[in-house]
1. At 7 Å along Cα-to-Cβ for each site, give me the label-to-label distance between residue 44 and residue 101 in nm.
2. Take peptides 48-55, 122-129 and line them up by average Cβ neighbours within 10 Å, highest first, as a rough protection proxy.
3. Sort out for me the Cα centre separation of segment 109-135 from segment 66-104, rounded to whole Å.
4. Compute a Gaussian network model of the chain, connecting alpha carbons closer than 10 Å, and tell me which residue from 107, 132, 84 fluctuates the most.
5. Can you tell me the mean projection area, over all orientations, of the convex hull of segment 1-135's alpha carbons? Units nm², please.
6. Between residue 19 and residue 126, what is the label-to-label distance in nm when each label sits 7 Å out along the Cα-to-Cβ direction?
């Protein structure tokens, strides 16, 4: 993947492949694309959305009072360069930018922990909390890529 970008938008091609009807947990805000935080873990590239109205613990808060942050439960795998829309340069609100400054390593570590939590939940679906985690996670669509 060419130049590593910290923040990206997903492309129309990505949204065409991962349509809302087949992938309901993937954020589908085409008219207001979510800025994605890009990370790479074990040679797998992820885009993790910045979202608002988050009500679960799988997040790195950028504005906790308003429930805004990096939402690990809605991360997607970027398997093709063309899934990134390089024609648009994302711009963050200053408050979000300040909250994320210097947090690249922390984001990566939290994503790694979330992937492990998802894998453990998937192995023990008899637990109702694990069922909920798996049901609402976008990782359910990328299990081959994350080694499940």
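Nothing in this text is a laboratory measurement; each read-out follows from the coordinates by a stated rule. None of the values given here were measured: they were computed from a predicted structure. Neighbour counts are summed over all protein chains in view; Cβ atoms, including those assigned to glycine, are modelled from backbone coordinates with ideal geometry.
1. Once both label points are built, they end up 3.3 nm from each other.
2. My ranking of the peptides, most packed first, is 48-55, 122-129.
3. Each part's Cα centre sits 22 Å from the other's.
4. 132
5. Value for segment 1-135: 8.7 nm².
6. 3.9
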